[in-house]
1. Say whether the condition of being surrounded by fewer than 19 Cβ atoms within 10 Å (Cβ to Cβ), at pLDDT 90 or above and among the polar types (S, T, N, Q) is met by at least one residue in the range 193-204.
2. Checking the condition crowded, with 20+ Cβ neighbours inside 10 Å and at pLDDT below 95, which residue from I110, I82 passes?
3. Let me spell it out: the conditions are (1) out of contact with any helix residue (DSSP H, G or I) (no Cβ under 9 Å at 6 or more places or on another chain); (2) surrounded by fewer than 13 Cβ atoms within 10 Å (Cβ to Cβ); (3) not in a strand (DSSP E or B), and G157 meets all of them except one. Which number is the exception?
4. When you scan the range 7-18, do you find a residue that is β-branched (V, I, T) and out of contact with any strand residue (DSSP E or B) (no Cβ under 7 Å at 6 or more places or on another chain), even just one?
5. How about the range 211-221: which of its residues are crowded, with 18+ Cβ neighbours inside 10 Å and in a loop (DSSP other than H, G, I, E, B)?
6. I'd like to verify a number: residues in the range 114-124 that are surrounded by fewer than 19 Cβ atoms within 10 Å (Cβ to Cβ) and touching a residue at least 12 places away in the same chain (Cβ under 8 Å), how many?
7. Do the conditions hold for I137, that is, is it over 14 Å from the mean Cα position of the chain (by Cα) and part of a strand (DSSP E or B)?
8. Examine the range 274-287 for a residue that is in the same structural domain as I253 (by TED's automatic domain parsing), crowded, with 19+ Cβ neighbours inside 10 Å, in contact with a strand residue (DSSP E or B) (Cβ under 8 Å, 6 or more places away or on another chain) and not in a helix (DSSP H, G or I), and state whether such a residue exists.
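The values are calculated or read from the model by the stated rules, or taken from the named source; none is laboratory data. The structure displayed is predicted, hence computed values, not measured ones. Cβ sites come from the backbone with ideal geometry, for glycine too, and all protein chains shown count toward neighbours.
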Amino acid sequence: MWEVKDRELVEIPRDRLSFEERLEEWLENDISIISDDLLIIGRQVKTAFEKYIDLLCIKRNGDLVIVELKRDKAPREVIAQILEYASWVDDLSYEEIVNIANNYFRKKGITFEEAFGRKFGKEQLPDVLNESHEMLIVASDLDDQGERVIRYLSEYGIRINAVTFNYFRNNDQEFLARVMLIPKSAEEVRKTKRRYYLTEEELRKIAQDNGVDELYSILVKELEQLFDDWGTTLSSVTFIGRQNGRMNTIFNILPGQSNQQDGLKFQVYLKRFARYFNISEAEAEQILPSNKSEWAFSKTDPEYSGYEGFFKNKEEIEKFLNKLRELKTKVMA
């Protein structure tokens with residue numbers, strides 16, 4: 001970096017020592033210098049290996065991002081360390097993530113959900129957290145070996161990247177320059193190779209492969225008319241309803257967990273289901289197929305619990321749909 005003085009260029013010196021000491025604090029104060037789609041939910045998060053993640057972040061869609069500062073560690077060491085952290089993060093449950101975040105935000109006088117809403121303009125957390133995760137190494141520089149390993153892992157579907165910051169100081173003026181090792185354009189190419197969510201057509205093909213394509217087609221087509229919206233994830237078709245000004249996932253169909261013997265797999269958030277169709281939870285339970293069992297996405301929040309089970313045949317599906325149509329008509333009357 002050079003400063004233009006009249007007709008001369010005066011080089012501004014780099015100051016790595018000052019950068020290394022202050023970078024984590026800068027990132028915590030403004031993580032947008034890495035990405036606008038990140039919210040920090042933990043700093044120096046202790047793992048099961050008795051080591052500490054520098055910064056743990058979450059994205060708008062609920063995916064987690066591990067941010068690790070290289071400091072004076074060798075490239076091989078920092079890459080091995082962040083992969084170890086990722087193996088721990090991969091097993092974090094919904095409750096564990098919420099606890100980590102609430103512990104972090106408690107010092108700031110707010111809850112995780114409030115912080116998430118302020119950052120992303122959403123009134124509630126995603127129903128699914130940590131469906132996937134990313135790793136980001138932050139450094140003042142990377143050698144050829146480090147760059148080569150990170151590019152290699154990325155090419156094979158591992159969501160890892162590095163960002164380098166160059167820090168310059170000229171008297172009382174300070175400057176920070178950022179470079180992403182794998183540019184956004186390359187990340188988009190990588191995403192096309194490994195999409196975060198399956199399309200409805202892909203999920204329909206899975207249903208066909210598992211011998212439940214007819215049941216799947218009937219149920220998806222009709223539920224689209226009975227709920228306010230629908231979407232897909234890596235494993236399910238989700239049906240969404242508006243409740244108290246929010247859009248909540250209420251019912252899921254999971255073709256990948258279905259088979260000819262048991263039928264088409266479903267999951268339902270019972271409290272939301274009952275509210276949406278204006279019935280009691282006992283009545284809602286009676287509407288569901290007999291082949292079901294209690295299920296909970298979150299063991300601590302009843303809002304995220306209900307039932308999972310199977311639609312065995314078309315008769316069960318038609319009985320279920322007829323009752324929902326009747327209830328929907330009453331709600332809209």
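1. no
2. On the way: I110 fails: crowded, with 20+ Cβ neighbours inside 10 Å.
So the residue among I110, I82 that is crowded, with 20+ Cβ neighbours inside 10 Å and at pLDDT below 95 is I82.
3. Condition not satisfied by G157: (1).
4. We begin by selecting, within the range 7-18, every residue β-branched (V, I, T); these are 10, 12.
With out of contact with any strand residue (DSSP E or B) (no Cβ under 7 Å at 6 or more places or on another chain) added as a condition, the list becomes none.
Taking every residue of the range 7-18 in turn, none turns out to be β-branched (V, I, T) and out of contact with any strand residue (DSSP E or B) (no Cβ under 7 Å at 6 or more places or on another chain).
5. Looking only at the range 211-221, we keep the residues that are crowded, with 18+ Cβ neighbours inside 10 Å, and these are 212, 215-216, 219-220.
Residue satisfying the conditions is V212 alone.
6. Step one: filter the range 114-124 for residues surrounded by fewer than 19 Cβ atoms within 10 Å (Cβ to Cβ), giving 114, 117-124.
So of that shortlist, the ones also touching a residue at least 12 places away in the same chain (Cβ under 8 Å) come out as 119-120, 122-124.
Residues flagged as surrounded by fewer than 19 Cβ atoms within 10 Å (Cβ to Cβ) and touching a residue at least 12 places away in the same chain (Cβ under 8 Å) within the range 114-124 amount to 5.
7. Working: over 14 Å from the mean Cα position of the chain (by Cα): yes; part of a strand (DSSP E or B): yes.
When the stated conditions are applied, I137 passes them.
8. Scanning the range 274-287 turns up no residue that is in the same structural domain as I253 (by TED's automatic domain parsing), crowded, with 19+ Cβ neighbours inside 10 Å, in contact with a strand residue (DSSP E or B) (Cβ under 8 Å, 6 or more places away or on another chain) and not in a helix (DSSP H, G or I).
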